[in-house]
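Worksheet: one structure, shown below.
Each value in this text was obtained by applying a stated rule to the coordinates, not by laboratory testing. Small disclaimer: the values here were computed from a predicted structure and weren't measured. Note: ideal-geometry Cβ built from the backbone for every residue, glycine included; neighbour counts use all protein chains shown.
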Amino acid sequence: MYVRGQSRYGPTLRESILMHSVSRLVFKKHIPNIQTSWVKRGFGGIEECLNSGANDLGGTLMNESITRAAGAEHGQEFSAGQLNEFIKKLKRIPKQRNTLYGDISEETRLKSINPLPLTPIKNTLEDRKRDLIVSTQ
């Protein structure tokens, strides 16, 4: 819809920070985990959201293409090891979990730290942007 001019680009960083802040204040007793999206907000944006009420960075993702196809600049992969280092730089304690916020086995955790590299995917919107830039040079 955005590409066709039928919607705005998305929430501003300020709107995202407000959403996470108000959610924490309103739902604290009922919703213990509020997630921010590194894919949508980028690293600076998630740091702001973590300092404003969010306490979860979501998943590592592999070959994420939906958000990028919609025009986002961030994310295709962020390994568990990279995620842990990023969290530690923010003076927080990383905790890997499963989808239902349960604990994972040590074996699973170790496998996730250094995954095999991904094969690059073709993303139609990204390919069109790249082709447009190359053709105008």
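Remarks
- Estimated inter-spin distance, residue 113 and residue 130, nm [label 7 Å along Cα→Cβ]: 3.3 nm
- The stretch between residue 25 and residue 89, if pulled fully straight at 0.36 nm per residue, gains 20.5 nm over its current Cα-Cα span.
- Nitroxide proxy distance, nm - points 7 Å out along Cα→Cβ at residue 4 and residue 99: 3.0 nm
- Under 25 Å of direct C-alpha separation, and excluding same-chain neighbours fewer than eight residues apart, residue 88 reaches these lysines: 28, 40, 111.
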